[in-house]
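Novice: The structure follows.
The values are calculated or read from the model by the stated rules, or taken from the named source; none is laboratory data. This one's a predicted model, so the numbers in the text were calculated from it and none came from an experiment. Cβ: placed from backbone, ideal geometry, glycine included. Neighbour counts: every protein chain shown.
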Amino acid sequence: MATLSADFALGLRSYELRLALEVEGVVALVGPSGAGKTTVLGVIAGLIRPDSGRVALDGEVWLDVERGVNRSPEERRVGLVFQEYALFPHLTVRQNVAYSRNGRVDELLERFRISHLAKERPGSLSGGERQRVALARALARDPGVLLLDEPLAALDAHTKASVRAELQQLLHGLDLPTLIVTHDYEDAIALAETVGVLVDGQLRQIGSPEELIARPRDPFVASFTGANLLHGRVEGPADTDGLTTVRLEAGDLVYSTDAAEGEVGVVVHPWDVSLGQVPAEGSALNLLSGEVASVVQVGNRLRVRIGPLTAEVTAASAERLALEPGRTAFASFKATATRLVALS
Amino acid sequence: MRKAGWAALVFLAAAVGLGFLTLPVVALFTRVPPGELVRLLGNPVVRDAIVVSLKTTLIAQVLILLFGTPLAYLLATRRFPGRQVLVTLVELPLVLPPAVAGIGLLAALGRFGLLGSTLDAFGLRIGFTQTAVVLAVAFVAGPFYVRTAIASFEGVDPNLVAASRTLGAGPARTFFRVALPLAGSGLAAGEALAFARGLGEFGATIMFAGSLQGVTQTLPLAIYAQFEADFDVAVAMGALLVVVSFALLLSLKLVFGWQPSQRTSHSVFARTS
């Protein structure tokens, strides 16, 4: 797969955006609004000119301020999906997808299940449909890079889960370097293999979701990288107590009060995980055990990585439990604190 | 009781206002019977004036569209220091007394004007020709179009323009496929206003082009000339202009409804600083 490298600096109103990033596979930049996320996409797409820096896709240099190279947007092979999709309101769905004058329009309409909407105008489409049109339009020009600006923010909570699952499947099959920006950490870890946290124009930390949650570099990253995400599959219908049983990839069973089916992501916040040296007792309590992989101080609390899970505990209880790498410990969390999100 | 009194007062003031604005128009149609009005329009002075008016106004509109559209697009999409001053300069003829416009045009393009000797060297004399009428109309009516066009182009979502570029379309294709269609209804409304204003142009034309029947005498100039010669002919031409202007304004309201272009997303790439 190709690699997109972007390394640039740009003075914004209240801070300087400074970023060095290699995009291979699916990368998400996550951060609060106003962190400069959309500007990053604008610089890569050629819509915004940075003060200095370089943007290149493998050997193809798109921007090199020092050497005076600055290709215009139409000369960069980017597929940009705008936050609210920016579909052309005066053109039909088919005309939107055909805008880049590439021959594969029918195939794309088919693939994104929008053939039946070909003659509609964007104004009459639902949020999910608009997103599919925007993706089809962006892919129609055969981009070398896919850029997604808050791909799920314009959707209501109801459609979001299913669209997220679809998008995940799509990105998996595309084999394109993809950069997603989002303010929602859960979306980021569901869609991307690598997640970077961007605050006030600075990349605070970048790594796998597991790394970020287990070893956050600073308290902001810790508070922002909200939750553990474990992958699993729902086993059968909910039992009489209303609990859904999920078998995790490692084979363990966990329970949740959420209803779901098929492949799911199990979401647990680190501060909802308790640690002990012996298995905790109690109904509706999930229990996982494993070796302590790392202990990292974050502010006045500690982040402890056990097996697939990160827990956040006070320094006092960490000391009491004598938690240190290599020792076995038991993590427990309530079924009521266990969220299930649909994944494809 | 007080409420009723207030309502009556508002109603009365509105009635006076409406009466004042419509009475002169109504009077144009009551002084001469309709059949006679149509017959008077066959007068050679009137026929000549209609031809001169149509020809000069149409040519002026083509010039306004051809040069005004790019000007409006640039002013709407570029941000640079002094932009407000430039926009104000472009809008200035809107509020300038037409006599000042006429004097200005003479001082610029007349025989002894700024560019007069240059034009003379090429054998071009503009003052008191039909070209002068066209230029006077374009100068006075152009800003009506440009001003509306700037607002229409500003109303086009910058994200749509950006989307077009990332989809491989260059600036020219983006202009014709996205900006122009989305600003279209606004541009047409501005053009209709400029057309109406151009048709009624008087002051700048009479100073810069004179009032020669069949050459530079447009309908408003002919009305002025006939004012003393044959008042009823002047009234007939006045009635004709009223009908045309009313039709233009009404169709503007019915067809375009003054809609701004639709937006489908926020503008995030508009701010680059």
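Novice: Hey, does the range B:160-174 have a residue that's within 14 Å of another protein chain (Cβ to nearest Cβ), β-branched (V, I, T) and not in a helix (DSSP H, G or I)?
Specialist: Looking for residues that are within 14 Å of another protein chain (Cβ to nearest Cβ), β-branched (V, I, T) and not in a helix (DSSP H, G or I), one finds none in the range B:160-174, hence no.
Novice: Sticking with this structure for a sec: Can you confirm whether A:G326 is on the phi > 0 side of the Ramachandran plot and either in contact (Cβ under 8 Å) with a residue 12 or more places away in the chain or not in a loop (DSSP other than H, G, I, E, B) (or both)?
Specialist: The answer is yes for A:G326.
Novice: Here's another thing I want to ask about it. Which ones in the range B:206-236 are of a type in the set (S, T, Y) and outside any helix (DSSP H, G or I)? Please lay out each step first, then the result.
Specialist: Here is the first cut: in the range B:206-236, the ones of a type in the set (S, T, Y) are B:211, B:216, B:218, B:224.
B:S211, B:T216, B:T218 - these are the residues of the range B:206-236 that are of a type in the set (S, T, Y) and outside any helix (DSSP H, G or I).
Novice: For A:L174, indicate whether it is modelled with pLDDT under 95, in contact with a strand residue (DSSP E or B) (Cβ under 8 Å, 6 or more places away or on another chain), away from chain B (no Cβ under 14 Å) and surrounded by 22 or more Cβ atoms within 10 Å (Cβ to Cβ).
Specialist: It is false that A:L174 is modelled with pLDDT under 95, in contact with a strand residue (DSSP E or B) (Cβ under 8 Å, 6 or more places away or on another chain), away from chain B (no Cβ under 14 Å) and surrounded by 22 or more Cβ atoms within 10 Å (Cβ to Cβ).
Novice: A further question follows. On the given criteria, is A:R111 under 21 Å from A:P143 (Cβ atoms) and either crowded, with 17+ Cβ neighbours inside 10 Å or more than 9 Å from chain B (Cβ to nearest Cβ) (or both)?
Specialist: yes
Novice: Tell me, which residue of the range A:59-107 that is within 20 Å of A:L148 (Cα to Cα) and of a type in the set (D, E) is farthest from the other protein chains (Cβ to nearest Cβ)?
Specialist: Of everything passing the filter in the range A:59-107, A:E75 is farthest from the other protein chains (Cβ to nearest Cβ).
Novice: Please work out if A:G251 is over 17 Å from the mean Cα position of the chain (by Cα), under 27 Å from A:L321 (Cβ atoms) and free of Cβ contacts under 8 Å to residues at least 40 places away in the same chain.
Specialist: yes
Novice: I would also like to ask the following. Give the residue that is farthest from the other protein chains (Cβ to nearest Cβ), with candidates limited to residues of the range B:185-219 that are under 18 Å from B:L74 (Cβ atoms) and among the small types (G, A, S).
Specialist: B:G190
Novice: Moving on to the next point. Sort out which residues of the range B:141-156 are surrounded by fewer than 24 Cβ atoms within 10 Å (Cβ to Cβ) and either within 14 Å of chain A (Cβ to nearest Cβ) or within 23 Å of A:I44 (Cα to Cα) (or both), and write them in order of number.
Specialist: Within the range B:141-156, B:G155 is the sole residue that qualifies.
Novice: Please name all residue pairs, on different chains or six or more residues apart, with Cβ atoms under 6 Å, provided the first residue is in the range A:1-15 and is within 14 Å of chain B (Cβ to nearest Cβ) and the second residue is part of a strand (DSSP E or B).
Specialist: Pairs that qualify, where the first residue is within 14 Å of chain B (Cβ to nearest Cβ) and the partner is part of a strand (DSSP E or B), are A:F8/A:G53; A:L10/A:L17.
Novice: Is one or more of the residues making up the range B:188-197 surrounded by 24 or more Cβ atoms within 10 Å (Cβ to Cβ), farther than 30 Å from A:G144 by Cβ and not aromatic (F, W, Y)?
Specialist: The answer is yes, given that some residue of the range B:188-197 is surrounded by 24 or more Cβ atoms within 10 Å (Cβ to Cβ), farther than 30 Å from A:G144 by Cβ and not aromatic (F, W, Y).
Novice: Please tell me if A:N102 is more than 26 Å from the chain's Cα centre (by Cα) and surrounded by fewer than 22 Cβ atoms within 10 Å (Cβ to Cβ).
Specialist: Numbers: more than 26 Å from the chain's Cα centre (by Cα): yes; surrounded by fewer than 22 Cβ atoms within 10 Å (Cβ to Cβ): yes.
Criteria met by A:N102.
Novice: While we're here: Check A:A165 against each of (1) under 30 Å from A:A35 (Cβ atoms); (2) within 12 Å of chain B (Cβ to nearest Cβ); (3) in contact (Cβ under 8 Å) with a residue 40 or more places away in the chain; (4) crowded, with 17+ Cβ neighbours inside 10 Å and name the one condition it does not meet.
Specialist: (2)
Novice: Condition check: away from chain B (no Cβ under 14 Å), within 19 Å of A:V181 (Cβ to Cβ) and crowded, with 16+ Cβ neighbours inside 10 Å. Does A:L41 satisfy that?
Specialist: When the stated conditions are applied, A:L41 does not pass them.
Novice: Sticking with this structure for a sec: Considering every residue within the range A:146-153, establish whether at least one is within 14 Å of chain B (Cβ to nearest Cβ), touching a residue at least 60 places away in the same chain (Cβ under 8 Å) and charged (D, E, K, R).
Specialist: yes
Novice: Just wondering, is there one or more residues in the range A:38-57 that are over 25 Å from the mean Cα position of the chain (by Cα) and of a type in the set (G, A, S)?
Specialist: yes
Novice: Among the candidates A:G265, A:G242, which residue alone is in a loop (DSSP other than H, G, I, E, B) and either touching a strand residue (DSSP E or B) at 6+ places or on another chain (Cβ under 8 Å) or surrounded by fewer than 21 Cβ atoms within 10 Å (Cβ to Cβ) (or both)?
Specialist: Details: A:G265 fails: in a loop (DSSP other than H, G, I, E, B).
Criteria check complete, one pass: A:G242.
Novice: Just to be sure I understand, how many residues within the range A:10-26 are surrounded by fewer than 16 Cβ atoms within 10 Å (Cβ to Cβ) and assigned to a strand (DSSP E or B)?
Specialist: Selection size over the range A:10-26: 4.
Novice: Here is a list of conditions, (1) at pLDDT below 95; (2) within 30 Å of A:L80 (Cβ to Cβ); (3) part of a helix (DSSP H, G or I), and B:V178 meets all of them except one; can you say which number that is?
Specialist: Failing condition for B:V178: (1).
Novice: Looking at (1) surrounded by fewer than 21 Cβ atoms within 10 Å (Cβ to Cβ); (2) in contact with a helix residue (DSSP H, G or I) (Cβ under 8 Å, 6 or more places away or on another chain), find the lone condition where A:V65 falls short.
Specialist: Single failed check for A:V65: (2).
Novice: Could you check the range A:31-78 and list, in sequence order, the residues that are within 27 Å of A:D187 (Cα to Cα) and in a helix (DSSP H, G or I)?
Specialist: If the condition is that a residue be within 27 Å of A:D187 (Cα to Cα) and in a helix (DSSP H, G or I), then A:K37, A:T38, A:T39, A:V40, A:L41, A:G42, A:V43, A:I44, A:A45 are the ones that fit.
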